[in-house]
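J.: Pasting in a structure now, in structure tokens, and then I'll have a few things to ask.
Just so you know, all these numbers are worked out from the coordinates, no wet-lab data involved. In this text, all values refer to a predicted model and were calculated from it rather than measured experimentally. Neighbour counts run over all protein chains shown; Cβ positions are idealised from the backbone, glycine included.
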Amino acid sequence: MARRGLTLIELLIVVGVVSLLMALSLPVLVRVRNQAQGTVCTQNQKTLALAWLLYKDDNNDRLVGGQVGKSPHDWVQGPTGAGGIIERKKEGIRQGVLYRYTGRNLGVYRCPADGRKLVPGQMAYRSYSITGGANGEGWENAYVQVQRYSEIRQPATKHVFVEEADPRGWNQGSWILNPRGGTWVDPLAIWHSRARGTLGFADGHAEIHRWEDSSTVEMARKQVFFQPVPQGQGQDLQFMINGFPQKEANVSLALRAATTY
């Protein structure tokens with residue numbers, strides 16, 4: 001008996017069913033991928049935070065340098081060595097003093113959702129920065145950096161590592177804000193769904209944090225320095241100011257920008 005092929009109508013029905021199934025499954029697959037990337041990134045942040053703690057244990061309570069390439073004691077160095085631009089950035093990580101405390105694993109320095117490695121003019125590898133208050137970069141006398149772990153009050157609430165996508169091609173210096181004036185300085189990065197980012201804290205834990213203000217999401221999307229905070233917003237800025245490690249700061253003015261822009 002001759003085999004009968006599908007009629008045009010039957011073929012269209014099959015195509016329609018397959019398309020429908022793909023449309024229904026795609027959001028689920030994207031959600032699963034985002035969750036998996038967020039899990040890896042959170043673990044990276046935890047590994048970095050624990051490495052940061054191990055360093056101070058070995059150095060009489062003194063914190064690792066939180067800038068990039070300013071001293072031999074910084075956690076990472078700037079791009080160095082030979083080879084392509086990504087390899088030079090990897091070598092800068094290897095030359096940093098935290099590298100051996102992370103198990104010499106380059107992967108923990110990179111969020112799997114960070115796509116800048118493929119962007120012309122960016123070609124970035126490292127996804128994380130240390131906050132300026134954690135023995136890092138200062139900003140116009142807005143805060144005094146902590147240099148020893150014992151100077152950090154409530155370490156479980158103080159963020160040390162943040163996701164950053166410095167638009168200058170790689171994450172330079174430290175991640176900073178102005179706690180005295182209550183303003184953003186550097187932009188954050190948001191790579192997990194539309195409004196979530198990971199943070200590593202001074203007690204060694206890490207978490208995914210949900211950003212609440214649309215201006216924060218816009219700042220991350222456009223990578224804008226000195227992002228103004230519209231009236232009625234500022235919850236994210238206040239959260240980051242409260243968690244910014246520092247010796248002293250006039251935080252009573254923390255949200256002045258939220259009511260003046």
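J.: Using only the Cα atoms of segment 13-260, what do you get for the radius of gyration and for Dmax, in Å?
T.: 18.9, 71
J.: Scaled to the compact-protein estimate 2.2 N^0.38 Å, what is the alpha-carbon radius of gyration of segment 67-201, rounded to two decimal places? It would help to have the intermediate numbers written out before the result.
T.: On the way: Rg = 14.8 Å, N = 135, 2.2 N^0.38 = 14.2 Å.
The reported ratio for this selection is 1.05.
J.: Please give, to one decimal in nm, the separation of the simple spin-label points placed at F225 and Q147, each 7 Å out from Cα toward the Cβ.
T.: 2.7 nm
J.: Compute the distance in nm between two label points, each set 7 Å from the Cα along the Cα-to-Cβ direction, one at I86 and one at K117.
T.: Taking the simple label geometry, I86 and K117 are separated by 0.5 nm.
J.: Stretched out fully, how many nm does the piece from S19 to H205 gain, at 0.36 nm a residue minus the Cα gap?
T.: On the way: separation 186, 0.36 × 186 = 66.96 nm, distance 4.28 nm.
Here the segment from S19 to H205 would lengthen by 62.7 nm.
J.: Ok, one more. Using Cα pairs under 8 angstrom and six or more residues apart, how large is the relative contact order of segment 13-260, in percent? Could you put the intermediate results ahead of the total?
T.: Details: 523 pairs, mean separation 48.9, N = 248.
Averaging sequence separation for qualifying contacts and normalising by length gives 20 percent for segment 13-260.
J.: Once the principal axes of the Cα atoms of segment 153-241 are found, what is the range along each, listed largest first in whole angstroms?
T.: Each principal axis gives a Cα extent; for segment 153-241 these are 31, 31, 26 Å.
J.: E207's amide H: which non-local residues (gap 5+, or another chain) put their own amide H closer than 5 Å, with H modeled 1.01 Å from N in plane and none for Pro or chain starts?
T.: Residues meeting the amide H criterion: L199.
J.: Setting aside same-chain residues fewer than 8 positions from K117, which aspartates and glutamates have a Cα under 12 Å from its Cα?
T.: E87
J.: Arrange the peptides 188-197, 101-110 so that the one whose residues have, on average, the most other Cβ atoms within 10 Å appears first.
T.: On the way: 188-197: 19.9, 101-110: 16.7.
By packing density, highest mean first, the sequence is 188-197, 101-110.
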